[in-house]
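Here is the structure we will look at.
The values are calculated or read from the model by the stated rules, or taken from the named source; none is laboratory data. Owing to the predicted nature of the structure, the values given are computational and were not obtained by experimental measurement. Every residue, glycine among them, receives a Cβ derived from its backbone with ideal geometry; neighbour counts consider all protein chains shown. The accessibility values were calculated without ligands, DNA or RNA, using every heavy atom of the protein model including side chains. Shrake-Rupley method; radii C 1.70, N 1.55, O 1.52, S 1.80 Å.
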Amino acid sequence: MKQNLSSFWKPLLSLLFGVAIAVFWAIPYVSGLCYQEQYQMFLFDSDYFLERIVLPGGLADYVSEFLVQFYYMPALGGAIIGLLLMGIQAVVWALMRQYGAKHDFPGYLLSFVPSIALWCTMGDQNVLLSFVVALIGALVMGWIHNRFHNRLVKVVFELVSTALVYWCLGPVVFVYAALLIGDTMLRGHRKGNLFSAVGYSAGIVVLTIAWILLTTQGLQYPLSRIFSGLNYYRYPGVTFLMIYVVMALSVVVPFLGMISTSNAKLQKMQQSKWVMAASYAVVLVASVFGIKASFDELTYEQIDYDFLVRTEQWNKIIEKAEKKPTTTPLGVSCVNLALSQTGQLPDRLFEFYQNGAEGLFPAFNRDMTSPVPTSEIFYRLGMVNDAERFMFEAQEAIPNYRKSCRLTRRIAECELINGNYKVAAKLLRRLEKTVFYRDWAQQTMALLGNEKAINRHPIYGKLRKYREKKQDFLYSDREMDQMLGLLFLNDKTNKMAYEYLMCYELLQRDFNKFMQYYPLGRFVDYDHIPRSFQEILIGNWMKTHSDPRTIPYSVDAQTVNNTLNFIQIYMQNPKDPQLSQQPYVSNAWYYMMVRSAEDAAKKKEGMKEVY
């Protein structure tokens, strides 16, 4: 009965573990899956396979990229990670049984530790799935090795497999070698030949290092990268300690099952249900806290916003910012883009945190993440060339030199809109070799050269009208108002360009230019003056007039009252606590006056620190 119960609860516990991982990645951290998917391009092409397999760890890299492409479907991506971590736990438990673990507790509980540590490690968005694939491959090879009992067969297997494991899986060969050494030492101890076992173990170490050096003679990589791995971490040459912690745990844990077997006190303790329950509870709580600490909140906030922009979930972006205001340029720009796409930007601009003009157009950084949402803004505005430039820069900044399906698709669209059909065709042919972008690429190929079809397209046709067509046009991020003004004058149906122009001047606190450009709003189909515009117009009018009834604009009475009350309170006491409460804190004049004073004070304080 006990054996039947044991055979039931162990698979159930492993299944629950895998389901928890799948749900974790597919729901709260779905953006992390899409982040990994968008920075690679797996091609069903022989050249692509050869490009991967000629490097150490290439097979693990190839298999991992094959799997990561399915992250495009988050439920499937979460299931893949869940199955891989379940597989590692199962192999660790199988190794523990081979090394003498005879009891389910605490052995089975310990078998989860490497997988949980790996889950925490994957909280760093630059840890690649190739490490997970390589690790499970090394552990499986260790398990296969232990299945052989003939000494000669074992020796031959070790000689051949050590070289194959390194070339196919990379430096996890040291995990494999450590398992071989542990198995050798254990058998030597049991047979009373510990001295010879030590000598044989030294031979395994020498063999492993020799194979690595011999097989990498022709590679132009420093030894540090040869021994630390070419494809485990996105940034070449960076040593991420947690990878080595997981590797160490994967070696140590399989041998821990012997402790309870040889220790009488532990044998007695493991029979207590209370001890078992308490142990599982401790591991569960420690895992929750460890995983939470491993996933940096700010980093994944940025990844979340980029994911929501990619999937055009504008209302979710706004809801997210309402629950917890974002203060980073990338986050603020995504919120403003969402407001624009839902027709709320000029009305609700100051309901959310604003950090100046960077809240519309973040400063360019040469990395693979920050230019992407900015490119999406340019694309929707009709600044097609700038959208392509930012996407190209982001793709070229991918640290491990991969290409991106998402970014390549956008670059191809920009080339199509600009009429550069040969370049677009080259990019589309590459996407035709993928799984999830193939259909789109084939449909888009049919548009090449078909001017009428492109002009009729709901997106490409509109952006063709919006874009700047002059050959001598130069982009300047220091004169974005002029860029936006020219964009709007080029096509006065481009409502987004007008709203970004007006909001840009507001965020720059340039009242003169705001009043200069405001009359252009007659070309935009508004059914009312946007609230933030009303607040500025009211405040400007009251600077030179005393009677609010003389305001020559169609303004809302409540907006007039709120703005006049704000100005009155501010004039009496600029630091009055009421100003930081609704409705005053979301008034445009709060940003213009209170936030302006705060920014000036911070700047002055910063100057003191410098000098």
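When the alpha carbon gyration tensor of the range 384-433 is reduced to an equivalent ellipsoid, its three semi-axes come out at 18, 14, 7 angstrom, largest first. To the nearest ten degrees, helix 194-215 and the longest principal axis of the Cα atoms of the chain are 40 degrees apart.
Computed log10 I(q)/I(0) for the range 1-81 at 0.12, 0.19 Å⁻¹: -0.50, -0.82, from the Debye equation with unit scatterers placed on every C-alpha and solvent omitted.
In terms of distances greater than 29 angstrom between alpha carbons, the cross-link table entries 492/543; 292/323; 292/316; 154/191 yield 492/543.
Here the chain is treated with +1 on each Lys and Arg Cβ and -1 on each Asp and Glu Cβ, and its dipole about the Cα centre works out to around 1940 debye. Secondary-structure-derived ellipticity at 222 nm for the chain, considering helices only, amounts to -21500 deg cm²/dmol, per-run term -39500 (n - 2.57) for DSSP H runs with n ≥ 4. Farthest towards the positive end of the charge dipole of the chain, among the residues 176, 390, 506, is the Cα of 176, using unit charges on the Cβ of Lys, Arg, Asp and Glu. Taking 13 Å as the straight-line reach from the Cα of residue 513, the aspartates and glutamates in range (excluding those fewer than 8 positions away in the same chain) are 479, 481, 505.
What you get for the range 324-447, charging only the Cβ of Lys and Arg (+1) and of Asp and Glu (-1), is a dipole of about 600 debye around the Cα centre.
Here the extension length gained between residue 491 and residue 545 equals 15.8 nm, from 0.36 nm per residue of separation less the Cα-Cα distance. Only protein heavy atoms count here; under a 1.4 Å probe, residue 541 has an accessible surface of about 60 Å². On a per residue basis, the range 325-425 carries 30 Å² of accessible surface, using protein heavy atoms and a 1.4 Å probe. Semi-axes of the equivalent ellipsoid of the range 62-218 are 30, 21, 12 Å, computed as sqrt(5λ) over the eigenvalues of the C-alpha gyration tensor in descending order. Picking from 76, 113, 130, whose Cα lies most toward the positive end of the charge dipole for the chain (charges on Cβ: Lys, Arg +1; Asp, Glu -1)? Final value for the positive-end residue is 113. Summing Cβ point charges (Lys, Arg +1; Asp, Glu -1) relative to the Cα centre of the range 37-193 gives a dipole of roughly 1120 debye.
Using a probe radius of 1.4 angstrom, the carbon and sulfur fraction of the accessible surface of the chain is 60%. Distance between the pseudo-spin-label points of residue 423 and residue 12 (7 Å out from Cα toward the beta carbon): 6.1 nm. For the range 408-463 versus the range 35-83, the inter-centroid distance based on Cα atoms is 25 Å. A 1.4 Å probe run over the protein chains yields, for the range 450-594, 56 Å² of accessible area per residue, whole-number rounding. Would you mind getting me the FRET efficiency between residue 323 and residue 19? Use the beta-carbon distance for r and R0 = 25 Å, nearest 0.05. It comes out at approximately 0.40.
Indicate the gyration tensor shape class of the range 129-285 (rounded, prolate or oblate), computed on the Cα atoms with a ≥ b ≥ c the square roots of the eigenvalues: a/c under 1.5 is rounded; otherwise a/b larger than b/c is prolate and the rest oblate. Here the range 129-285 falls in the oblate category. Of the listed values (1) 1.17; (2) 1.08; (3) 1.04, grab the one calculated as Rg/Rh (Cα atoms, Kirkwood Rh) from the structure here. Answer label, from the structure shown: (2). Measuring gaps between exposed loop sites in the chain (trypsin sites (Lys or Arg not before Pro); DSSP loop; at most 13 other Cβ atoms within 10 Å), the longest gap, sites not included, is 103-365.
Considering only 208, 34, 435, and ranking their Cα positions along the charge dipole of the chain that arises from unit charges at the beta-carbon of Lys, Arg, Asp and Glu, the one farthest toward the positive end is 208.
Overall shape: oblate for the range 95-135, with the ratio a/c of the largest to smallest alpha carbon gyration tensor axis at 1.5 or above and b/c at least equal to a/b.
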